[in-house]
Amino acid sequence: MQELTDRQRTALWLRAQGLTAEAIGRRLTPPCKAAGAQDLLHKTMKAFDAADSANAVFRAMASGVIGPYQDCGTRKAYERHLRRVEVTCVACRIGNTERVTGQRVRAGAHSDVEPHPAAGSNRGWKNVRPREKLPLTITHRRILTTFDAGASTSAEVGRALGVTDGHVRRMLADIYDRLGIDTELHGPAGSREQAVKIARERGLIDGSPVPYPEISLTDLQCRILVTAQGDESLSVIGKKFGMSRSMAASHLSRIYLKLGVQRQGRHADRQRNRRKEAFDIALAHNLL
């Protein structure tokens, strides 16, 4: 197969969207007449040895030259597929495999991901240079250490660390990005295992628990937490301490964050339970 120019590839992608030769000519940069667009399509048909433009579109999709979006093959398009819970196209899978392989080579690690057989310089519009690997933060290390200790889901890790399930999932996505792990290739469970394995190999975790910073509350936060046990409203709490309702809510939110109390909704009973849980944790740590 002959390599397509960017202009030919754009014309073929526009044809895949159902546009006529005249409409394709208007959308190209610089624009051209219908005859010029038809000539570009004929060249793509010849490159793919296709009988017509529809067959050329099919073969281009199958080989990863074009995808559902015009920028398929880039990291942005790959992440868009994931956000929309779509099946990733061949172009994006090829592009992601190339990025992961390149990242591991630059990081000095032996990659166990072989480049896609159809990968080449003819897969997309842009070549995105992957960013350099960043070290894992303490939070990243705690999450991986908790998984290594036997936790099997992000919800279990969240309960162990006192954070939400969604926060753990977001941090996991960041870990995979920093370690260059292809989640499409390994799947959820396999990606977690790969993350722990690679982090161990690079000396980022050693299996021992990561120490937590000492929990502390200010004098004002302690008094607000004690006052909140009387089922007082945020407005009443704010008046007692000379602050607005929103400021009192902000202080309570910071207290919950420090003590690792998870959000439980807006229902009055749930908020009451949340205040009680924070109070019990503060007592257990001799903060009151």
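Quick check on residue 97: is it in contact with a helix residue (DSSP H, G or I) (Cβ under 9 Å, 6 or more places away or on another chain), among the hydroxyl-bearing types (Ser, Thr, Tyr) and buried (at least 21 other Cβ atoms within 10 Å of the Cβ)? Considered against the rule, which asks whether it is in contact with a helix residue (DSSP H, G or I) (Cβ under 9 Å, 6 or more places away or on another chain), among the hydroxyl-bearing types (Ser, Thr, Tyr) and buried (at least 21 other Cβ atoms within 10 Å of the Cβ), residue 97 comes out as no. Out of 25, 73, one residue alone is modelled with pLDDT under 85 and crowded, with 19+ Cβ neighbours inside 10 Å. It is 73. Checking 236, 196, 168 one by one, the residue that is touching an Asp or Glu at 6+ places or on another chain (Cβ under 8 Å), farther than 18 Å from residue 288 by Cβ, part of a helix (DSSP H, G or I) and at pLDDT 80 or above is 196 and no other.
Residue count for segment 222-236 under the criterion of being touching a Leu at 6+ places or on another chain (Cβ under 8 Å) and β-branched (Val, Ile, Thr): the result is 2. Please specify each residue of segment 1-22 satisfying the condition of being among the charged types (D, E, K, R) and either at pLDDT below 85 or within 32 Å of the chain's Cα centre (by Cα) (or both). Once the filter is applied, which keeps residues that are among the charged types (D, E, K, R) and either at pLDDT below 85 or within 32 Å of the chain's Cα centre (by Cα) (or both), segment 1-22 yields 3, 6, 7, 9, 15. Return yes or no: is residue 66 in contact with a strand residue (DSSP E or B) (Cβ under 7 Å, 6 or more places away or on another chain), buried (at least 17 other Cβ atoms within 10 Å of the Cβ) and modelled with pLDDT of 85 or more? When the stated conditions are applied, residue 66 passes them.
Residue 22 meets the stated requirement of being over 16 Å from residue 183 (Cα atoms) and touching a residue at least 12 places away in the same chain (Cβ under 8 Å).
Cβ-Cβ contacts under 9 Å between residues 6 or more apart (or on different chains), taken from a first residue in segment 161-185 that is at positive phi to a second residue that is modelled with pLDDT of 85 or more, are listed as 180/198. Scan segment 31-53 and tell me whether some residue there is buried (at least 16 other Cβ atoms within 10 Å of the Cβ), under 19 Å from residue 191 (Cα atoms) and modelled with pLDDT of 80 or more. No; the residues of segment 31-53 include none that is buried (at least 16 other Cβ atoms within 10 Å of the Cβ), under 19 Å from residue 191 (Cα atoms) and modelled with pLDDT of 80 or more.
Among the residues of segment 6-37, those that are among the basic types (Lys, Arg) and either under 19 Å from residue 91 (Cβ atoms) or not in a helix (DSSP H, G or I) (or both) comprise 7, 9, 15, 33. Of everything in segment 223-261, what is surrounded by 15 or more Cβ atoms within 10 Å (Cβ to Cβ) and touching a residue at least 60 places away in the same chain (Cβ under 8 Å)? Give them in sequence order. Answer for segment 223-261, where residues must be surrounded by 15 or more Cβ atoms within 10 Å (Cβ to Cβ) and touching a residue at least 60 places away in the same chain (Cβ under 8 Å): 225, 259, 260, 261. Residues of segment 52-81 that are touching a residue at least 24 places away in the same chain (Cβ under 8 Å), of a type outside the set (Gly, Ala, Ser) and more than 14 Å from residue 11 (Cα to Cα): 72, 74, 75, 76.
The values are calculated or read from the model by the stated rules, or taken from the named source; none is laboratory data. Please read these numbers as outputs of a predicted model, since none were measured by experiment. Cβ coordinates were reconstructed from backbone atoms using ideal geometry, including for glycine residues, and neighbour counts include every protein chain displayed.
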